[in-house]
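Notes for the one structure printed next.
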Amino acid sequence: MIDKLKKQINEYFVGKEEVVDNVLTCLLAGGHVLIEDVPGVGKTTLVRVLSKSVDMSFGRIQFTPDTLPGDVTGFSLYNMKTSEFEYKEGAIMHQIVLADEINRTSPKTQSALLEAMAEGNVTVDGVQYKLPDPFMVIATQNPVEFIGTFPLPEASMDRFMMRLSVGYPSEEAEIKLAKNQVEGQKIEDIKNICSAEDIIKLKEDITKIKISDNVIAYAREIVDLTRNEPRFVIGASPRALLHILKASQARAFIQGREYVKPDDIKAVSVNTLHHRLVLTPEAKIRKEDTDSIIKGLVLKAKVPMEK
């Protein structure tokens, strides 16, 4: 089922197999994704193809400075016929939500989305409404434009399991993409590979993937090294450790294993830690690279022996 999912998504989202693998990893691990990249590289296409392939409801929120929290969570509307307030669902009430240009809206509206991501429900006029299951937010932000934006604070970035970058396609992939468009390839023609219920079952199976104490200690050492790294203002949070372990379970499952290897921890560490760590002003002046520092810390951690 997972192989079929990857194959179909890669037919529409051409040349970015690693990005597709990471998004599926987060979906199966129950995490959310932040995609930071320039416009036009196919972020929306990826999310729409994913939602169609797994037959999950899709909602899109195009964030602007005047987007209100009620646009995200929904609001109560007075019904004159019944003399009661009725809840009108917001865009968040879908199984896969594309939060487009999340850094273009106010912190108050960002908070409404991030609360839903963390708690799995929304509160409107004192009443809680549960979000659908499975539920996943894929947020995007443009790293180039800064005028009129509201950067997400570190505590908010911590809610995302992974931060990914799509990048421009290769020459071969871009030509294939153009050819598909010319020949009339449509997302509406996508067939369902599985259902939302199948994803829920897969998520349950993933929790049974075994992680030895040694591997957990290895992941914890990597996180601890970020806390003692002088080039970072703050280190990774305990939530980062949990996300690394969940993502490594999903990766092992996708690869057909019943246990997590140290290589799984290595593979997910950079994308799981990058957005949680802030360089010191001195490190920025020296033009240090966050990914390179994380890779160095991963190599520094003692790899446990596999049993």
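Diffusion of the range 207-300 by Stokes-Einstein, at 10 °C in a medium of 1.306 mPa s and with Rh set to the Kirkwood radius over alpha-carbon pairs, works out to 117 µm²/s. When only DSSP loop residues count, what chymotrypsin sites (Phe, Trp or Tyr not before Pro) in the range 106-163 have their Cβ near at most 13 other Cβ atoms within 10 Å? Here the chymotrypsin sites (Phe, Trp or Tyr not before Pro) that fit, given the DSSP loop and packing criteria, are Phe146. Among beta bridges from DSSP that stay inside the chain, the antiparallel ones total about 40%.
Entry note, the chain: the mean residue ellipticity at 222 nm calculated from DSSP H runs of n ≥ 4, each adding -39500 (n - 2.57), is -13500 deg cm²/dmol after division by the residues and rounding to the nearest 500. Among the trypsin sites (Lys or Arg not before Pro) within the range 162-264, those in coil by DSSP and having at most 11 neighbouring Cβ atoms inside 10 Å are Lys186, Lys191, Lys208. The C-alpha atoms of the chain define a longest principal axis, and helix 171-182 lies at about 20 degrees to it. Amide hydrogen proximity for Tyr259: with H placed 1.01 Å from N in the peptide plane, the residues at 5 or more positions away or on another chain lying under 5 Å are Lys210. Against the chain, whose longest principal axis is taken from its Cα atoms, helix 262-273 shows a tilt of about 50°. A crude spin-label estimate for the pair Ala118 and Glu197, with each label 7 Å from Cα along the Cβ direction, gives 3.4 nm. Angle of helix 17-29 to the longest C-alpha principal axis of the chain, folded into 0 to 90 degrees and rounded to 10: 70°.
Loop-located trypsin sites (Lys or Arg not before Pro) in the range 24-107 (DSSP state other than H, G, I, E, B) with a sparse environment of at most 11 neighbouring Cβ atoms within 10 Å: Lys81.
Over 26 Å apart at the Cα level, from the set Lys16/Lys300; Lys4/Lys261; Lys203/Lys300; Lys4/Lys43; Lys130/Lys246, are Lys16/Lys300; Lys203/Lys300. Between Lys7 and Phe58, the contour length at 0.36 nm per residue exceeds the alpha carbon distance by 16.3 nm. Farthest towards the positive end of the charge dipole of the chain, among the residues Val122, Val215, Val97, is the Cα of Val215, using unit charges on the Cβ of Lys, Arg, Asp and Glu. Placing +1 on the Cβ of every Lys and Arg and -1 on the Cβ of every Asp and Glu, with nothing else charged, gives the chain a dipole about its Cα centre of roughly 660 debye.
The dipole here belongs to the range 93-162: it is taken about the Cα centre, uses +1 on the Cβ of Lys and Arg and -1 on the Cβ of Asp and Glu, and is about 60 debye. Stretching the chain fully between Glu258 and Ser170 yields a gain of 28.2 nm (0.36 nm per residue, less the alpha carbon separation).
Any read-out appearing in this document is the output of simple, stated calculations on the displayed coordinates, not a laboratory observation. Just so we're clear, the structure is a prediction, and the values are computed from it rather than from any experiment. Positions of Cβ are generated from backbone atoms using ideal geometry, with glycine treated the same way; all protein chains shown enter the neighbour counts.
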